[in-house]
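Colleague: Encoded as structure tokens, here's the structure I'll be asking about.
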Amino acid sequence: MKMIQVTPAAGAEVRRLLAKQENSEGMGLRLGVKGGGCSGLSYAMSLDTQRESDTVFEIEGLKVYVDPKSYLYLNNTVVDFQDGLQGRGFKFTNPNAQKTCGCGESFSV
């Protein structure tokens with residue numbers, strides 16, 4: 001089975017964000033793809049609960065939810081979190097992307 005990977009740094013940041021939520025029972029990280037951005041597709045992230053059609057990954061106790069359409073574009077993707085002088089935020093390394101834009105937030109296949 002193909003996988004999505006979440007680095008320890010990204011997992012720690014998601015757990016920190018979940019801890020700030022009032023009712024976080026059953027919540028995890030939702031990863032997705034939506035149309036838009038300079039390269040045609042952009043990444044979407046949110047804190048959410050599981051939906052019936054989701055593919056679910058459990059990574060070090062963190063649940064990651066991906067809808068079927070997004071999963072086609074995201075399998076084997078690595079999600080990282082960087083907190084440095086060049087900026088703070090989540091970074092996607094997607095082997096399925098043929099082209100990415102300069103900001104790294106959109107891609108095409």
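Colleague: Below 8 Å, C-alpha to C-alpha, sequence gap of six or more: please give me the relative contact order for the chain in percent.
Modeller: Taking the mean separation of contacting Cα pairs over the length of the chain, I get 30 percent.
Colleague: Still on this structure, I have one more. Which whole-percent values make up P(r) of region 8-49 when all C-alpha to C-alpha distances are grouped in 10 Å steps starting at zero?
Modeller: Going from the shortest bin to the longest, the percentages are 26, 43, 25, 6.
Colleague: May I pose another question? Give the order of E52, E60, E13 when sorted by the count of other beta carbons within 10 angstrom, beginning with the fewest. Mind dumping the intermediate values first?
Modeller: On the way: E52 4, E60 9, E13 21.
Result, fewest neighbours first: E52, E60, E13.
Colleague: Stretched out fully, how many nm does the piece from Q82 to A19 gain, at 0.36 nm a residue minus the Cα gap?
Modeller: 20.8 nm
Colleague: Then there's this: Order these by the 10 Å Cβ neighbour count, fewest first: T55, T77.
Modeller: Ranking T55, T77 by Cβ neighbours within 10 Å, fewest first, gives T55, T77.
Colleague: Here's another thing I want to ask about it. Among K20, K91, K63, which one shows the biggest mean-square fluctuation in a GNM of the chain, springs joining Cα atoms closer than 10 Å?
Modeller: Judging by the Gaussian network model, the answer is K20.
Colleague: May I pose another question? In the chain, if the dipole is taken from +1 on Lys/Arg beta carbons and -1 on Asp/Glu beta carbons about the Cα centre, which of G35, V78, Y65 is farthest to the positive end?
Modeller: Of the candidates, G35 comes out farthest on the positive side.
Colleague: ³J(HN,Hα) across region 92-97 via Karplus (A = 6.51, B = -1.76, C = 1.60, θ = phi - 60°), whole Hz, x for Gly/Pro?
Modeller: 9, 10, 10, x, 7, 6
Colleague: Viscosity 1.567 mPa s, temperature 4 °C: give me the Stokes-Einstein translational D for region 31-97 in µm²/s, with Rh taken as the Kirkwood radius over C-alpha pairs.
Modeller: Roughly 99 µm²/s, to the nearest whole number.
Colleague: Report the charge-dipole magnitude of region 5-108 in Debye, nearest 20, computed about the Cα centre from +1 at each Lys and Arg Cβ and -1 at each Asp and Glu Cβ.
Modeller: 300
Colleague: Running a GNM on the chain with Cα contacts under 10 Å, which residue among R88, R16, R51 ends up with the highest mean-square fluctuation?
Modeller: R88
Colleague: Can you compute the modelled spin-label distance between T49 and K91, with each label point 7 Å from Cα toward Cβ, in nm?
Modeller: 3.5
Each value in this text was obtained by applying a stated rule to the coordinates, not by laboratory testing. Just so we're clear, the structure is a prediction, and the values are computed from it rather than from any experiment. Neighbour counts run over all protein chains shown; Cβ positions are idealised from the backbone, glycine included.
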